[in-house]
Amino acid sequence: MIREKKNEISKQRILDAAMEEFSKNGYAAASMNTICSENGISKGIIYHYFSSKDELYLLCAQKCFDEITAYLKQIKKSLGGTAEQKMRTYFDARLSFFADHPLYLGIFSDITLNPSEHLSLEIEECRKGFDAMNVSVLKEILQSITLRKGLSVNQIIADFSLYMDFYNMHFKAKLTEGKSAAALLKKHEENCHRQLSILLYGVSKENI
């Protein structure tokens, strides 16, 4: 029992160190050597518990998405008001979460704005619950308004996903300009909200 406890403490120490490194530098620039040297951890110990840098990164990603999804589930229960108010509350909650959890901000930004292509399938699995949560909130908002004839909830969700794919590529390019992850994510969330608003209401103030 004591040995099991020591193993858990060692694994958690490594995960905490990895979270710090991946959050700060992203997957591509993160270094196993840095995780070791800055935390007094030997490579032998790391590879005793974890098979690779990929495994450590995916565990950090999973924790990030599990935590934000659990948080947003609680927010969803209290969403009220107009469709616009629900959207604003939801996107504000996402930013509030990352303000309170800066390590997760780095992980989330790296995955959203600068994904590692060779881990795309594993990342997709990690974020499945988070993506499902976003879809469920969007469905709830769409079902609370009258849609134009010929449009369906599923079509609109599919279109919004395409918009977001474009914006994610746009913000990935912005990373090369040296802007901070926090500033980029804030702008990203604001754009998500604006695009969803345009999707729901259009751009004209007048009825046309």
Inset, instruction - List every residue pair whose Cβ atoms lie under 8 Å apart, where the two residues are 6 or more positions apart in sequence or sit on different chains, the first residue falls within region 188-202 and is closer than 14 Å to Asp159 by Cα and without any contact (Cβ under 8 Å) to a residue 60 or more places away in the chain, and the second residue, located anywhere, is of a type outside the set (Ser, Thr, Tyr) and surrounded by fewer than 15 Cβ atoms within 10 Å (Cβ to Cβ). - result: Leu199/Asp159
Inset, instruction - Residue by residue through region 5-35, note down the ones that are under 24 Å from Glu122 (Cβ atoms) and charged (D, E, K, R). - result: Glu8, Lys11, Arg13, Asp16, Glu20, Glu21, Lys24
Inset, instruction - Kindly indicate whether Ser120 is of a type in the set (Gly, Ala, Ser), more than 20 Å from Leu196 (Cα to Cα) and modelled with pLDDT under 90. - result: no
Inset, instruction - Hey, can you tell me all the residues within region 25-45 that are touching a helix residue (DSSP H, G or I) at 6+ places or on another chain (Cβ under 6 Å) and in contact (Cβ under 8 Å) with a residue 40 or more places away in the chain? - result: Gly26, Tyr27
Inset, instruction - Kindly provide the set of residues from region 36-55 that are in a helix (DSSP H, G or I) and over 15 Å from Glu125 (Cα atoms), ordered by number. - result: Cys36, Ser37, Lys43, Gly44, Ile45, Ile46, Tyr47, His48, Tyr49, Lys53
Inset, instruction - For residues that are polar (S, T, N, Q) and surrounded by 13 or more Cβ atoms within 10 Å (Cβ to Cβ), tally how many sit in region 137-165. - result: 1
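Yes/no per residue for (1) farther than 17 Å from Leu162 by Cα; (2) outside any loop (DSSP other than H, G, I, E, B); (3) in contact with a helix residue (DSSP H, G or I) (Cβ under 8 Å, 6 or more places away or on another chain):
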{"position": "Ile107", "(1), (2), (3)": "yes, yes, yes"}
{"position": "Asp110", "(1), (2), (3)": "yes, yes, yes"}
{"position": "Pro115", "(1), (2), (3)": "no, no, yes"}
{"position": "Glu124", "(1), (2), (3)": "no, yes, no"}
{"position": "Gly129", "(1), (2), (3)": "yes, yes, yes"}
{"position": "Met133", "(1), (2), (3)": "yes, yes, yes"}
{"position": "Glu140", "(1), (2), (3)": "yes, yes, yes"}
{"position": "Ser144", "(1), (2), (3)": "yes, no, yes"}
{"position": "Arg148", "(1), (2), (3)": "yes, no, no"}
Inset, instruction - Output the qualifying pairs, or none if there are none: Cβ atoms under 8 angstrom, residues six or more apart or on different chains, first residue in region 66-83 and touching a residue at least 12 places away in the same chain (Cβ under 8 Å) and over 19 Å from Glu125 (Cα atoms), second residue basic (Lys, Arg) and surrounded by 15 or more Cβ atoms within 10 Å (Cβ to Cβ). - result: Leu79/Lys86
Legend entry - Hits in region 66-125 - residues which are of a type in the set (Asp, Glu) and over 13 Å from the mean Cα position of the chain (by Cα): Glu84, Asp92, Asp100, Glu117, Glu122
Inset, instruction - Output the residue which, of all residues in region 35-63 that are aromatic (Phe, Trp, Tyr) and more than 19 Å from Ser109 (Cβ to Cβ), is surrounded by the most Cβ atoms within 10 Å (Cβ to Cβ). - result: Phe50
Inset, instruction - Within region 18-39, track down each residue that is among the hydrophobic types (A, V, I, L, M, F, W, C) and more than 20 Å from the chain's Cα centre (by Cα). - result: Met32, Ile35, Cys36
Legend entry - Residue ID - nearest to Ser116 (Cα to Cα), chosen from residues in region 21-34 that are small (Gly, Ala, Ser) and loosely packed, with under 15 Cβ neighbours inside 10 Å: Ala28
Inset, instruction - Kindly list, by first and then second residue, each pair from a residue in region 139-160 that is under 19 Å from Gly80 (Cα atoms) to a residue that is among the small types (Gly, Ala, Ser) and surrounded by 11 or more Cβ atoms within 10 Å (Cβ to Cβ), limited to pairs with Cβ atoms under 7 Å and residues at least 6 apart or on different chains. - result: Ile141/Ala83; Ser144/Ala83; Ile145/Ala83
Legend entry - Top-ranked residue of region 166-203 - restricted to ones that are among the acidic types (Asp, Glu) and modelled with pLDDT of 75 or more, ranked as surrounded by the fewest Cβ atoms within 10 Å (Cβ to Cβ): Glu190
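The values are calculated or read from the model by the stated rules, or taken from the named source; none is laboratory data. On a predicted model such as this, the values are computed, not experimentally measured, just so you know. Note: ideal-geometry Cβ built from the backbone for every residue, glycine included; neighbour counts use all protein chains shown.
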